1. How far apart, in nm, are the 7 Å Cα→Cβ label points at A:K20 and B:E29?
2. Cα gyration tensor of segment A:110-187, axes a ≥ b ≥ c as square roots of the eigenvalues: rounded (a/c below 1.5), prolate (a/b > b/c) or oblate?
3. Give me the number: length gained by fully extending B:K344 to B:I234, i.e. 0.36 nm times residue separation minus the C-alpha to C-alpha distance, one decimal in nm.
4. Apply the Karplus curve 6.51 cos²θ - 1.76 cosθ + 1.60, θ = phi - 60°, to the phi angles in segment A:175-186 and return the couplings in whole Hz, x for Gly and Pro.
5. Say each of A:N156 and B:D365 gets a label point 7 Å from the Cα, pointing the same way as Cα to Cβ; how far apart are those two points in nm?
6. Using the Karplus equation 6.51 cos²θ - 1.76 cosθ + 1.60 (θ = phi - 60°), what ³J(HN,Hα) coupling, rounded to whole Hz, does each residue of segment A:110-115 give in order, writing x for Gly and Pro?
7. I'd like the FRET efficiency for B:D5 and B:R272, computed as 1/(1 + (r/R0)^6) with the beta carbon distance as r and R0 of 41 Å, rounded to 0.05.
8. If you take the square roots of the eigenvalues of the alpha-carbon gyration tensor of segment B:171-373 and sort them as a ≥ b ≥ c, do you get rounded (a/c under 1.5), prolate (a/b over b/c) or oblate?
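Bear in mind that the values in this text are calculations on the coordinates, not laboratory data. Remember, predicted model here, so these are calculated numbers, not experimental data. We place every Cβ from the backbone using ideal geometry, glycine too, and count neighbours over all the protein chains shown.
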Amino acid sequence: MKPQTDERALLEGLATSDKKAVETIYKENYNMVQSLIINNNGSSDDAKDIFQEAMIVLYEKVRSGSFELNCQIKTFVYSVSRRLWLKRLQQQNRYAAPGDSMENVVAVEEDLEEHEQRNAEYEMMEKAVSNLGEPCKSLLEAYYLQKQNMQVIAANFGYTNADNAKNQKYKCLMRLKKIFFTHYKNGNGDG
Amino acid sequence: MVMDDIKILDAVERYIRGEMKPDERLQFENLRKTNAEVDQLVVEHTLFLQQMNQFGERKNFKSSLNEVHTDLTEQGKIDSMKLKGRSKVVYLWKRYKRVAAIAASIAGITTITISALVWAFSPRANDNVQEMSRQLEVMKKVQRDQNAVVNDIKNQINTDKKAEKKSIQFKSGGTGFLLDGNGYLVTNAHIIRNSKNIVVINNKGEEFDAIVLKTDNAKDIAILKIEDKSFKSIASLPYGISKTVSDVAEPIYTLGYPRNDIVYSEGYLSARTGFNGDTLSCQLGIAANRGNSGGPVFNHNGEVIGILSTKETESEGVAFAIQSKYIFDAIDQLKKDTAYQSLKLSSKSSVRGMNKQQQVQKIQDYVFMVKGD
């Protein structure tokens with residue numbers, strides 16, 4: 001009973017990217033995933049990559065409001081990591097057949113499908129933002145990601161007033177949307 | 001015209017965020033019904049903002065994961081150290097064993113004897129490897145004891161030196177940065193040329209004595225080592241050293257000590273070669289001052305791509321940096337001396353994905369002022 005409420009609290013913490021919760025989940029699961037990867041032809045750098053990607057899968061799952069894992073966090077992270085690692089080995093044409101030392105593996109295909117879709121979208125936005133150049137990139141990041149208000153932005157970026165900053169932001173935004181939607185319309189659907 | 005577009009977009013954003021007052025909202029919804037263009041804009045922009053939010057969330061989460069990783073490693077709560085010693089042997093052994101297994105199955109019936117031999121010998125090989133690593137442990141302990149004695153002597157010398165340090169006049173100054181948690185630093189050779197005594201000072205003002213391990217005047221690189229018992233080694237550095245030069249126009253930044261406080265400046269990579277096509281270095285568009293010499297040049301991932309070394313005297317805002325791959329060369333040469341075998345450069349940055357402020361926050365502790373007499 002107790003562990004279940006603890007796990008739920010952890011997931012709720014994760015959803016708000018509460019540092020304590022992230023640290024706890026990280027600490028309790030990292031070594032397990034690392035030994036999975038290292039015992040199956042991987043390095044510690046691979047382990048870090050795979051584990052962090054599994055953390056992102058979990059994060060985005062709880063962000064979308066689903067705290068129902070139907071299994072322990074440990075099992076979920078392990079299953080996702082295992083699946084991700086198998087896939088990466090296959091992509092590199094390397095021999096792989098992780099023996100299941102842990103009998104607890106759950107089906108995570110649906111979660112991973114969703115994750116891949118999000119991956120593609122993330123990369124599209126990342127590319128669009130990096131194609132934008134300065135000062136547009138920093139300006140839009142300040143407004144949309146760091147949620148700073150226009151007065152602060154105007155002061156930080158050296159615009160004489162908030163209206164000038166707003167003008168510049170508008171131009172930058174139009175460019176970003178154009179780049180993003182060109183890729184989005186071409187890339188979405190057929191991967 | 002443009003002004004109107006800006007106002008409409010502004011309204012759309014406030015509408016999507018739910019920041020409109022009820023009557024304004026009603027008005028806007030009516031506009032949506034009558035004006036297809038506005039309606040289209042709302043739909044499109046909602047999607048865009050959603051994408052932007054997801055992008056930002058994941059970006060932040062990624063950098064906090066990296067932060068947590070570094071913290072937990074430093075605290076020893078996860079063992080993510082680079083594979084070394086026994087675990088490396090185990091890792092290599094596992095790889096080898098698998099290859100052996102495949103080879104054996106391919107060989108099949110015709111070479112049953114050979115595969116039998118492989119299997120017969122392989123476990124024994126494993127025993128040998130393990131034994132050797134244990135012996136290494138014993139050797140290491142002996143070495144450690146020896147080092148302790150040497151360190152005691154060194155410390156004595158150091159305290160003697162400290163007593164006379166007050167009278168030393170430091171004439172030259174620049175910047176240097178750590179290559180490794182054990183106190184190996186890199187800086188420009190010209191900063192410490194002819195210096196007998198060198199101290200390095202971190203951004204908290206703590207001073208450490210350092211010695212020169214190697215200078216290469218042609219490349220203008222010097223490797224220093226902090227030899228001071230008050231220096232505590234660091235488990236892992238937040239930045240790595242890149243082996244390649246970045247692309248032209250890539251934003252870059254540096255941290256250095258043109259005065260007594262650490263100073264940040266940013267710019268971009270102007271050319272992949274240096275003055276008059278010099279292939280040792282690369283050209284930067286950045287405001288740099290004398291004391292910036294020897295400072296690290298970071299790309300946006302927080303990887304070191306060069307060492308700031310000289311600036312053009314005729315034009316402001318043009319500087320040159322030695323390409324970071326020559327740091328690897330200098331270390332390789334240094335490693336010919338067996339005493340420095342443990343020195344290892346990382347090419348991965350844990351600050352990757354963080355924003356500039358967060359990166360600088362993490363990095364600044366490892367950039368030092370270098371002073372020589």
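1. 4.1 nm
2. Numbers: a/c = 3.35, a/b = 2.15, b/c = 1.56.
Prolate.
3. Details: separation 110, 0.36 × 110 = 39.60 nm, distance 1.32 nm.
Answer, rounded to one decimal: 38.3 nm.
4. 5, 4, 4, 4, 4, 4, 5, 4, 5, 4, 6, 6
5. 2.4 nm
6. Listing the rounded values in order: 5, 4, 6, 4, 5, 4 Hz.
7. Values: r = 41 Å, r/R0 = 0.99.
Once the sixth-power term is evaluated, E becomes 0.50.
8. Numbers: a/c = 1.32, a/b = 1.24, b/c = 1.06.
Rounded, since a/c falls under 1.5.
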